[in-house]
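Before any comments, here is the structure.
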Amino acid sequence: QAEVMFVPHCGGTGESWEPADAAAVPLLPPNTSCSIPQVVPQDILYHSFLRRKLSMDKPGPLLDFTKQLSHFFVDHPEDAFGSLGQLLHKNFHLGDSRVKKEVRDNTIRVTALMEEINRLEARRGCPWKRLICCLRWFAHLSRDWLFEVPLGLLGDSVHEELQLQWTRLLFDDRLTGGALAWLPPEDGARVGRLVYPGGEAMNRLYFQEVVLDKLPRARGSPAEFELNGRIQQVATARSDGEDFVGIRSDYHCGVWRVPGRAGAAPAPLQVIHTRVPASCLTVSPHLPGELTVCTQGGSIYLWNVETGLQRLRHDPQTMFFRDHSPWRWSDFTAHPRVLSFADRTGLQCLDARAPERCHFDLFKVGEEARCQQGERVMLPIYLGKAHPSQHLVATQFSVYVVDERLPLVPVLKWLHMMKAPPLFAQLSPGDAGRSHKLLLGASPTQEMLLLQYQGERRGGQSACQLVGHPQKLHSISSCLEHFQTQLPHHHHLLQQRLGAPAAGMAAVLKKDRQQESLLVFQLSEAGDVFYQRLTHEVAQPPAPDSRDEATAAPGSSPLFEDPASSPLLLGSKEEEEEDAGRPAAMEEAELSQERCASPKPSPVASSKATALRYRRWLKGLSEHCRDPPRHSYPPTRGQKRLFTRKELQTLVGDSALHRQAQQKMRQAMLEGGRIQHWDLPDSQTSAVPQPPEPEQDTDTLSTRLTAAWAGDWNRWWEKRSSFYKAQRQRALQERRRRQKRGRRWQGLSASFTSSLTYQSELSELSGTDPPPSPVLPGAGSPPRHSPPPSLELDEGLLSSQSLHSRGIPKERRKTLRDYLGLQAEGPPEPLEFPLSQDSQLCIPSSQSQRSSASQTRRKRPRMGF
Amino acid sequence: SFNEYKLNFKKSKEACLNYIQEAVLQKQWKRAAEFLTSYAEALEKDFSKGSSCPSEIIWRIGTEILCHHPHSSMREFSSFIEQMKTLAVKRYLKVCLEHSFHLLCNGMIDEASQNLSLAVSWRFGEQSILQAKEMKLIQAYEGLLDYYRWSKQKNVLLERGEDEYEDLSVEREMHSYFRKAALNLKEIIQVPGVWDIFVKCYVDLLEFYGDNEEARQVLKEYAYNSKFPSNPNAHVYLYQFLKRHGESKKSLISVLKILHDLVPSHELMIDFNTMLQKSKKRRNRRLGLEVIFAVLDYAGWKENMKAWSCLARQVKQIVSSEKDLDWIKQVWDCRKDWWPAFHFSHYLAKRNWQENESLSYEKALVAGILLGKDCKYFRYVSKQGCKAQVKRFRTLKKFVHKHSPIYLRTSG
């Protein structure tokens, strides 16, 4: 009799799949039409120091919906106030001139109001600010009738929308299922199809033929369909040798048929419209042209292309306990007439022939499955390709394999430890005796996990078990380091682009003679498709992992010694101040990706072909980036009221020239372009303005910059230093005179020259002369991080108004102020300044800022800080 | 400040965990181990009393790493587990149980058994009461190991044959194993749950000592007690037990009927169908038809030769006798809107013919009777069959054409 054998339920020996590429590789050219940036928390949350005060009363995020409203009023005045504006425009006076006496009774001078508003804006955040009487009076008077849409109604709608956006930022379940699908080729062929959305609003559906060579490549141009909404999900199944592709957008679902043979065109079959957003669409693997649709209201429909829709159930309540989420899902089961129906609390199976009577519970969040507190169903899928009666249920913590024949008690459970809940899952079934490969994907963090499990074999006695080791696949954002070095802002754009949440994934198992490989495609929300390959390595005697050896540092604690990690840890603190509202998981994911990418060596040097792909992809992206989309605003009313017709007429000088200019202007406006240059026939003045003649008394910074621009910076320096020598002597004499008078020397902040004098004194002290021709790193351009501050620092540098006028966003003003304040607070200890050339450039600025900063500090109480 | 320190500490802790996870998911065990040591070291410096020590994390990750680390040994693993046991009294028994599993998977059955018996005697005030569930499981596994020892001894005795059967000490030892195993196993199977392995072992013990009544009781309880989750295996065990003991057809049928209601797609349904077809009662034969139709509803059976031949045989029998045609009509009525697309499409006809000629023969017969002689599947297969000069396809064609009026009656 055979000896008893114990086999672990999880973590037995599995197949070894090694990544063949160092990172994800672009498959298709970038989706260049997508330039709409993702919504980030900063867009919709309050980000002022008021937030802390306000959030004391009400916990949770504070939506900044007034900002959105004001954007709407400014960007679409026609829609916001159109008709009343038209009616009342006689009663509003624009312009600086005084209102005529006869109409003064029924005319409002808007300029005065605007001034008040600007003044108010400058004191934004000041708790002691008082509304100016006339503003308040105007607001009171006009609140009810001025707006095209009643203000309350508009505010409610905007607030509702913002709330929706915020919940989507936290967790967007519309993407569940993923919007990328692979249509496998007929047996033996090497050309399959990739179905994915693209376009500006991800509303174009593409069927792209992909050849599975050593590296997959696109063939020909894709078949394209323009749809009526953003594509959220692409679902496919093959029955009777044809692929059926279901497309879900929020309010429309459509189905396409793709004949199996290569080159056949996909044909749209039917579209349905739903009144509430659809949350799920799955295609039957059993019967051609059959799908199920779930809507957020709690309805489930069986949709047959021939017989139409059949509603199986409508229940706004969740099944097992109360949960607020309207998300519903459904899939097919081993029986073509029995569907599974899921909400966040569990899964039920119901018979389409008698949905009211025949149903049973398949999975319940609760004791039977040993669920954790707060665990919810995220994605159930039918694993029919691996075993006809098994389903996968993924929650935010675990994955379960459940069997229809043994309901409620999962046959397999595994804690996946993903940072975001898995929204995509792909199964690629293994042949007899081989493990099934299961891919799990999360959206915001772009994580992907490869699991292997061995299903129960038909008639066999082996139980379902997880084999091999769960493995992490490359995310799209990890390929950042494989692109060529970029200019910083391009790098940032690229990083943002690659970091877009994942929107779908697909997997293909490819067999080439002896070599088996798994191709994984990924789609990002920006519409870019990437791939990575994993090759199957036939089991070998275990050898020490060379990669492991390489990374095992001799030190005991790599975390605290690794130079790459510690600065980032510090850096993350600063980051948090800026975007406190961002979900922590997202930030961490990015950080960890950044951190972990550096220490480990890439497993395989990326080959030339992939390098070329990176280059091409980047080229495609940057070509597009250089030409930003031109916004055309509709003409707005009111400008002509700034000047009366008479006033305009008097301005006309040279009539012919003027008319020509007018014509040109009009034409440019019609075309929506801009006037490059006037090239008027008899131009006395040249079109390109001459650089202003450097005046003698202009400030030193601009002369220096001009000199640097012209290329003879060295000469400027020499001139300056000789000039200083004279000046210094003069200053010394001056000082002595002052000391004689017994007055305290206070001239630090007086001018650039005096502080430079001070500096040259220092260099005299240390006994080194300033080098005659200092060669600065990047002398031609100012250093990036610390632009040389203007020397004409007036008192108002740090006031809100001036910061505002400099285009510094509100949320950064305080940071800037604090930063400058900090700089100024350090006591001026001359000997501690490093005596390098750089410091000579830095000191004057910090010195002069010091004085102004101290003045700001004096101002603070009044400003309400 | 202290708060800031706490925040930083929390952050670096999380970062460290992230590192560990990265490393584990990329199979860099040494790297993961190093991170784990620094994680544990960092925890030692944690003076904030607010959060409890995440000993579970260390236990889980540590076990995982030690299982795969190239330089780890069983001894190290055990000492790590011992530390974990003392570190986390709250999950002492869980740790013990998983340790035993690990030992078992490495073939160290005696050590595992020793470990389990140590755990059984563990007492720690309230904690031992709170972990009663785990205690039951530990006892059950102890019973399981005793059962394996018992069956080993049994095999030894059986191999020695009659003459040495007198070896009393071996026999006594075997009986003591039996007593211990039976006691522990009986305990666990009274708790609602899925205990397939324990039930099987317990029934084997009882059967060996001739306590069939008790065994039957246990199996019935396991299958029919509504507190237990629905489990098709329970019914299968009962059926196998009854079959072993030569029970009447009637009781076998009643067991299988319940299984049919629970899982219509079960493998035993083919046996059930043949059993019912042989039955003299009309009611049973009718049930047999329903059973085989229900089996073929499922995607897993779609191309099963056995099931299709069962169905073809029964349908042929009914049609030839021209009796009970309403049975066919009744089972067909709820399937006629989807079976043609599911089983009898032109595509499937082509594929079945290429892949499995006999299957296509059986299916064509059923299609011809249920859908008439103009059905795509039947026409394609019979045409191909006649072309290939296979005799049975010609008789099939003749048969279907002869009985074509039946199609009108069943479909009408």
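The values are calculated or read from the model by the stated rules, or taken from the named source; none is laboratory data. Predicted model only: the values in this text are computed from it and were never measured. Cβ coordinates were reconstructed from backbone atoms using ideal geometry, including for glycine residues, and neighbour counts include every protein chain displayed.
Does at least one position in the range B:282-291 carry a residue that is assigned to a helix (DSSP H, G or I), within 14 Å of another protein chain (Cβ to nearest Cβ) and loosely packed, with under 15 Cβ neighbours inside 10 Å?
Checked against the condition, which is being assigned to a helix (DSSP H, G or I), within 14 Å of another protein chain (Cβ to nearest Cβ) and loosely packed, with under 15 Cβ neighbours inside 10 Å, the range B:282-291 yields no hits at all.
Residues checked against (1) more than 32 Å from the chain's Cα centre (by Cα); (2) modelled with pLDDT under 80; (3) closer than 30 Å to A:Met5 by Cα:
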position	(1), (2), (3)
B:Lys10	yes, yes, no
B:Ile57	no, yes, yes
B:Ser79	yes, no, yes
B:Gly107	no, no, yes
### Query
Only one of these conditions is not met by A:Gln310: (1) of a type outside the set (Val, Ile, Thr); (2) more than 31 Å from the chain's Cα centre (by Cα); (3) closer than 27 Å to A:Asp351 by Cβ; (4) crowded, with 18+ Cβ neighbours inside 10 Å. Which number is it?
(4)
### Message
Any residue in the range A:277-292 that is within 14 Å of chain B (Cβ to nearest Cβ) sitting within a Cβ distance under 6 Å of a residue that is in a strand (DSSP E or B) and of a type in the set (Asp, Glu)? List the pairs, counting only those 6 or more apart or interchain.
### Response
A:Ser284/A:Glu290
### Query
Any chance the range A:210-231 includes a residue that's in a strand (DSSP E or B), polar (S, T, N, Q) and either crowded, with 21+ Cβ neighbours inside 10 Å or within 14 Å of chain B (Cβ to nearest Cβ) (or both)?
no
### Task
For A:Glu367, indicate whether it is more than 26 Å from A:Ala506 (Cα to Cα) and more than 13 Å from every other protein chain (Cβ to nearest Cβ).
no
### Query
Based on what the data block shows, is B:Glu303 more than 11 Å from every other protein chain (Cβ to nearest Cβ), assigned to a loop (DSSP other than H, G, I, E, B) and either under 28 Å from A:Arg405 (Cβ atoms) or in contact (Cβ under 8 Å) with a residue 24 or more places away in the chain (or both)?
yes
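What are the residues in the range A:398-407 that are within 18 Å of A:Trp329 (Cβ to Cβ) and either in a loop (DSSP other than H, G, I, E, B) or facing chain B (nearest Cβ under 10 Å) (or both), if any?
In the first step, residues of the range A:398-407 are kept if they are within 18 Å of A:Trp329 (Cβ to Cβ); the result is A:398-402, A:404, A:407.
Listed by number, the residues that qualify are A:Glu404, A:Pro407.
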### Task
Look through the range A:370-381, keep the residues that are in contact (Cβ under 8 Å) with a residue 40 or more places away in the chain and surrounded by fewer than 23 Cβ atoms within 10 Å (Cβ to Cβ), and return whichever of them is farthest from the other protein chains (Cβ to nearest Cβ).
A:Arg376
### Query
Which one of the conditions (1) touching a strand residue (DSSP E or B) at 6+ places or on another chain (Cβ under 8 Å); (2) surrounded by 15 or more Cβ atoms within 10 Å (Cβ to Cβ); (3) not in a loop (DSSP other than H, G, I, E, B) does A:Gln163 fail to meet, given that it meets all the rest?
(2)
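If you check B:Ser265 against the conditions, is it of a type in the set (Gly, Ala, Ser) and modelled with pLDDT under 90?
Values: of a type in the set (Gly, Ala, Ser): yes; modelled with pLDDT under 90: no.
So B:Ser265 does not fit the description; no.
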### Query
Within the range A:409-439, restricting attention to residues that are more than 22 Å from B:Ala299 (Cβ to Cβ) and outside any strand (DSSP E or B), which residue is farthest from the other protein chains (Cβ to nearest Cβ)?
A:Pro421
### Query
Mind checking which residues of the range A:339-355 are closer than 23 Å to A:Ala369 by Cβ and in contact with a Leu (Cβ under 7 Å, 6 or more places away or on another chain)?
A:Leu339, A:Ser340, A:Phe341, A:Leu347, A:Gln348, A:Cys349, A:Leu350
### Task
Mind counting the residues in the range A:313-332 that are surrounded by 22 or more Cβ atoms within 10 Å (Cβ to Cβ) and more than 16 Å from A:Val377 (Cβ to Cβ)?
1
### Task
State yes or no: is B:Trp353 over 27 Å from B:Met275 (Cβ atoms) and either among the aromatic types (Phe, Trp, Tyr) or under 41 Å from the mean Cα position of the chain (by Cα) (or both)?
yes
### Residue among A:Leu309, A:Leu302, A:Leu339 that alone is part of a strand (DSSP E or B) and more than 14 Å from every other protein chain (Cβ to nearest Cβ)
A:Leu309
### Query
If you take the residues of the range A:462-476 that are within 36 Å of the chain's Cα centre (by Cα) and more than 12 Å from every other protein chain (Cβ to nearest Cβ), which of them is nearest to A:Pro26 (Cα to Cα)?
A:Ile476
### Query
Is it true that some residue in the range A:146-157 is over 25 Å from A:Ile44 (Cβ atoms) and not in a strand (DSSP E or B)?
yes
### Task
Would you mind finding the one in A:Gly11, A:Gly60 that is on the phi > 0 side of the Ramachandran plot, at pLDDT below 75 and crowded, with 17+ Cβ neighbours inside 10 Å?
A:Gly11
## Note on the structure
Quick count over the range B:254-273, residues being away from chain A (no Cβ under 13 Å) and surrounded by 18 or more Cβ atoms within 10 Å (Cβ to Cβ), is 4
### Summary
Reported set for the range B:94-116 where residues are part of a helix (DSSP H, G or I), surrounded by fewer than 20 Cβ atoms within 10 Å (Cβ to Cβ) and facing another protein chain (nearest Cβ under 9 Å) is B:Phe101, B:Cys105, B:Ile109
### Query
What single numbered condition from (1) assigned to a strand (DSSP E or B); (2) aliphatic (A, V, I, L, M); (3) farther than 20 Å from A:Ser279 by Cβ fails to hold for A:Val245?
(3)
### Residue satisfying condition, being under 20 Å from B:Phe342 (Cα atoms) and either among the small types (Gly, Ala, Ser) or outside any strand (DSSP E or B) (or both), within set A:Arg353, A:Arg370
A:Arg353
### Query
Can you find even one residue in the range A:387-410 that is among the basic types (Lys, Arg) and within 36 Å of the chain's Cα centre (by Cα)?
no
### Message
I'd like the residue in the range A:186-209 that is touching a residue at least 60 places away in the same chain (Cβ under 8 Å) and in contact with a Lys or Arg (Cβ under 8 Å, 6 or more places away or on another chain) and, out of all such residues, is surrounded by the fewest Cβ atoms within 10 Å (Cβ to Cβ).
### Response
A:Glu186
### Task
Collect the residues in the range B:229-241 that are over 11 Å from B:Leu259 (Cα atoms) and facing another protein chain (nearest Cβ under 10 Å), keeping them in residue-number order.
B:Pro229
